[in-house]
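What follows is a short report on a single structure.
The values are calculated or read from the model by the stated rules, or taken from the named source; none is laboratory data. For clarity, every value in this text was computed on a predicted model and none was experimentally measured. Every residue, glycine as well, gets a Cβ built from its backbone with ideal geometry; the counts of neighbours run over all protein chains shown. Accessible surface areas use protein heavy atoms only, side chains included; no ligands, DNA or RNA. Shrake-Rupley method; radii C 1.70, N 1.55, O 1.52, S 1.80 Å.
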Amino acid sequence: VCALHVQRNDKRTFDDLSGLWTFVRETTNTGDIGIENKWFEKDLREFKNHTVMPVPCAYNDMAADAELRDHVGWVWYQRNEIISQRDNDFRLFLRFESAQYFAVVYFNGKEVGRHVGGHLPFQFEVTKQVKFGAKNVITVAVNNTLSWATIPQADFNYMGNLERNTSRFELISRYPPGFFKMVGLFDFFNYAGLLRTVYIVKKPKIFIDDITINAEHLGSFKWDVTSDGYQLKQQCIVYLYDPDGKEVLQEQNCTGSSQVSNVRPWWPRGMGDPDLYTLKVEIRAADASLVDVYNEEFGFRTVKWDNEQIYINDRPFYCIGFGMHEDFEIHGRGYDAAVMTKDMNLFEWMGANCYRTSHYPYAEERIKESDRRGIAVILETPAVGLKGFPKANQLLHMQFVEEMIKRDKNHPAVIMWSISNEPHTEKKEARAYFKALIDQAHTLDPTRPVTIVYGPSNYDNDQTADLLDVICVNRYYGWYIDMGFLENINRSVVYDLMLWKEKFGKAILVTEYGADSLDGLTQEPAVDFSEQYQDELIRETHKAFDVLRAKKVIGGEMIWNFADFMTGMTTTRAVGNHKGVFTRTRQPKIAAYTLRKRYLGLLQQ
Ligand code: E9O
């Protein structure tokens, strides 16, 4: 599990392996040909069909090639790296911020580790295998196959085996032998490959492994440092720096608590400044020489909740924002600092104070940027659309919850953990499945509320909502329900949400509502898929939100979606999902102006 992000300082450094890697694609879903034939021992440049692939990036949209776009199975990345003699004193790790979905990592021809799950970081130590002052070969095999056994789940079926006996026809199946269909139980394209940055991380022999900080807005401050190598509790020194860089505390302990006076809290935008402190942790040897050092940024802020809403620093926090995606043309889901910056700037332009990382944890760079700008984040696991609840999926799901909380626990912007989006929690077996996950999240992080985002279930059949701190609900009146009846939206939304409130008596956020619109398609009077229809649907829904806000029934509202995004092919999607209030290239539709006016108004209150 990766806790601390890469950092350069007196004792550590890293190499960023972004750039072009050699790339070979296996034929779609034909077994483990590359692994069986030991491609990891070969120079992939000698393969006839080799090409190059940028990292970080999804590979799917890199060519005018449907096979590459729709590929299911293994792809291979390779890169040579000279590691200097100067790095001899370090321990070296290969670190991946995200590989979708399953990765096997090889170093100098030997496997060094495997990881299941996209969107969360992992690393493997390669110190013993490194050839210093020489060329080292990094090979990564990535497989994007999803099935009922993965998270998210997909319906994976071999259709070519569905044989029929016919006497009159030669063909015994409608499909060729081995033909399969993989349909994800989610509404976004299964972008795959090395989606985020890959690093060689260089750490000292004994290093700081994790830092857990709990800092509340009234100045209560707790820290806990763990190290790898051996326990060195007595030689830990922590220094606390305020937002101006002034030292306000120095303690000689790896674990402790203290009270800090005149704290400048971290506030979400609209409520105050998002002030950030830094905790510098040093490990020193018996002779006082520096062993390792790490600077962790964090904020003093308190998250609380009751049966009406969420409070930040004891003040009510009404979440106004977006469900979104890491999605852009050409890059797919690949991390790109320019797209991320544009998104965050548009957030500010819109007056938003909040977003949900629907439907997987986003790049840590974005979470860090949210800390800096004062934008609250509901961090979600990759568990979208779950329909089956076997034990094996639960164990995998628990791995993701752990990796997510380990990675992001010190980010003040993160105000809530979302365990899942639109799981089929109307099923009885969902209760035991989710109880274990909710308990785990509470144990790993007692400071933040835990939620599930509901879609298919209702107030009267949901099996899990009473276990949560906060309830999130997605509702599509005027779109999936009662298409064309815009005038009913207000009443339906109020009715639906009041029922959830009455039954469970908990804080509720509306995490999705909205309509598709094709930018530039205008119709008066409004027709579905026109810009007017999306705009009117949003206005009508806002009427309901105002009623529900006044009754203290909802504690936040998030439009689905920030921007148009790519999906798989289905009859309801025309080159992707068009529920964005921005286009895929981040230009505003009519609805964006309506939303902007509302958000800017709410942000002032
Ligand atoms: C999840 C999101 O990823 N929620 C979907 C979004 C959509 O646009 C999708 O993009 O389809 C909406 C799910 C609606 C659930 C309510 C069920 C109503 C049944 C009639």
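If you go through the range 517-543 and keep only what is more than 29 Å from the chain's Cα centre (by Cα), within 16 Å of the ligand (Cβ to nearest atom) and open to solvent by less than 10 Å² (accessible area, probe 1.4 Å), you end up with just TYR533.
Outside any loop (DSSP other than H, G, I, E, B), open to solvent by 60 Å² or more (accessible area, probe 1.4 Å) and not aromatic (Phe, Trp, Tyr), is that true of SER257? Show your work before the answer.
Working: outside any loop (DSSP other than H, G, I, E, B): yes; open to solvent by 60 Å² or more (accessible area, probe 1.4 Å): yes; not aromatic (Phe, Trp, Tyr): yes.
Yes: the conditions hold for SER257.
Residue-level check: of (1) within 16 Å of the ligand (Cβ to nearest atom); (2) open to solvent by less than 10 Å² (accessible area, probe 1.4 Å); (3) of a type outside the set (Lys, Arg); (4) in contact with an Asp or Glu (Cβ under 9 Å, 6 or more places away or on another chain), GLU426 misses just (2). For the range 571-605, the candidate set comprises residues that are among the small types (Gly, Ala, Ser) and at negative phi; within that set, the residue that is nearest to the ligand (Cβ to nearest atom) is GLY580.
Residues are listed down the side, and each one gets a yes or a no for (1) open to solvent by 60 Å² or more (accessible area, probe 1.4 Å); (2) free of Cβ contacts under 8 Å to residues at least 40 places away in the same chain; (3) closer than 18 Å to ASN143 by Cα:
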| site | (1), (2), (3) |
| --- | --- |
| THR13 | no, no, no |
| SER18 | no, no, no |
| THR22 | no, no, yes |
| ASN29 | no, no, yes |
| LYS48 | yes, yes, no |
| GLN85 | yes, no, no |
| PHE90 | no, no, no |
| ARG95 | no, no, yes |
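Contact map, the range 319-330: first residue in contact (Cβ under 8 Å) with a residue 12 or more places away in the chain, second residue more than 16 Å from the ligand (Cβ to nearest atom) and in a strand (DSSP E or B), Cβ cut-off under 6 Å, separation 6 or more or different chains; pairs are CYS319/CYS354; CYS319/GLY556; GLY321/CYS354.
Restricting the range 170-195 to residues that are open to solvent by less than 10 Å² (accessible area, probe 1.4 Å) and in a loop (DSSP other than H, G, I, E, B) leaves a set whose member that is farthest from THR22 (Cα to Cα) is TYR191. Just wondering, is there one or more residues in the range 60-68 that are more than 23 Å from the chain's Cα centre (by Cα), open to solvent by less than 40 Å² (accessible area, probe 1.4 Å) and under 19 Å from PHE189 (Cα atoms)? Scanning the range 60-68 turns up at least one residue that is more than 23 Å from the chain's Cα centre (by Cα), open to solvent by less than 40 Å² (accessible area, probe 1.4 Å) and under 19 Å from PHE189 (Cα atoms). Which pairs turn up if I take residues in the range 98-109 that are touching a residue at least 12 places away in the same chain (Cβ under 8 Å) and in a strand (DSSP E or B) and look for partners that are among the charged types (D, E, K, R) and surrounded by 24 or more Cβ atoms within 10 Å (Cβ to Cβ) with beta carbon separation below 8 Å, at least 6 apart in sequence or on another chain? Close Cβ pairs (under 8 Å, with a partner that is among the charged types (D, E, K, R) and surrounded by 24 or more Cβ atoms within 10 Å (Cβ to Cβ)) amount to GLN100/ARG333.
Looking across the range 213-228, just one residue is open to solvent by 50 Å² or more (accessible area, probe 1.4 Å) and aliphatic (A, V, I, L, M), and that is LEU218. Considering TYR480, TYR476, TYR513, the condition of being within 14 Å of the ligand (Cβ to nearest atom), open to solvent by 40 Å² or more (accessible area, probe 1.4 Å), at pLDDT 95 or above and within 17 Å of LYS579 (Cα to Cα) is satisfied by TYR480 alone. The set of residues from the range 46-74 being outside any loop (DSSP other than H, G, I, E, B) and of a type in the set (A, V, I, L, M) comprises VAL52, MET53, VAL55, ALA66, LEU68. Selection over the range 446-461 of residues that are more than 13 Å from HIS397 (Cβ to Cβ), within 16 Å of the ligand (Cβ to nearest atom) and buried (at least 19 other Cβ atoms within 10 Å of the Cβ) gives a count of 5.
Listed here are the residues, each with its yes/no results for (1) within 25 Å of GLY245 (Cβ to Cβ); (2) open to solvent by 10 Å² or more (accessible area, probe 1.4 Å).
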site: ASP292; (1), (2): yes, no
site: PHE300; (1), (2): yes, no
site: LEU346; (1), (2): no, yes
site: ARG356; (1), (2): no, no
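Within the range 483-492, being under 21 Å from GLY323 (Cβ atoms) and open to solvent by 40 Å² or more (accessible area, probe 1.4 Å) holds for one residue alone: MET483. Entry remark, the range 127-146: residues being touching an Asp or Glu at 6+ places or on another chain (Cβ under 8 Å) and under 30 Å from PHE389 (Cβ atoms) number 0 in total.
Residues of the range 434-445 being farther than 11 Å from ILE405 by Cβ and either free of Cβ contacts under 8 Å to residues at least 12 places away in the same chain or surrounded by fewer than 23 Cβ atoms within 10 Å (Cβ to Cβ) (or both), which ones? Reasoning before the result, please.
Of the residues in the range 434-445, the ones farther than 11 Å from ILE405 by Cβ are 434-439.
Across the range 434-445, the qualifying residues are LYS435, ALA436, ILE438, ASP439.
Just so you know, in the range 284-341 the residues that are touching a Cys at 6+ places or on another chain (Cβ under 6 Å) and assigned to a loop (DSSP other than H, G, I, E, B) include one that is farthest from HIS578 (Cα to Cα), and it is GLY334.
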